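This report refers to the structure that appears directly beneath it.
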Amino acid sequence: MKHILSASLLALILFPTTVRAQSRIEPPPPEAAAPTIQVFAEPIARPSMLAPLYVSLASLQAYDGYSTLRGVNNGAQEANALVSAFAGKPAAFWAIKGGSSALSIYMAEKLWRRHRRAEAIATMVIANGVMGVIAARNTAVLRSQR
């Protein structure tokens, strides 16, 4: 270790101009610069109903999360076997709800960008419909707990 340190120090003392010369970068001459090409992609216009479907899905997921956690705290059981293990762990449960919403929106966006627009809208309508049924079921369970 002592020899490496000595050699490094000696190199810094003996070769300071080499280090300075290597750190200096000169710009290329103007004629050697590559031409730049600018490409502007047209934004893909969304139908007026796609953004509200995203918002309503997120809202339904939030209500489902709230009502599920409240119902479980009041003695109800989560009916979805995939999520039931997380119903007693709010942080994990909210992560699943957020991930589920994000995945649905991502899939719809992917379909939209691939010019499968009707399928993108159908995906969001179906996701909202399923979440609407789940939210209605949760409301019924919460009312029965009163």
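Any read-out appearing in this document is the output of simple, stated calculations on the displayed coordinates, not a laboratory observation. The structure presented is a predicted model; accordingly, all values stated were derived computationally and were not measured. Reconstructed Cβ throughout: ideal geometry from the backbone, glycine too, with neighbour counts over all protein chains shown.
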Likely footprinting exposure, THR139, THR68, THR123, fewest C-beta neighbours within 10 Å first:
THR139, THR123, THR68
Descending semi-axes in Å of segment 50-144, equivalent ellipsoid built from Cα gyration tensor:
27, 14, 9
Considering only the other residues whose Cβ falls under 11 Å of the Cβ of PHE93, what net charge follows from Lys and Arg at +1 and Asp and Glu at -1?
0
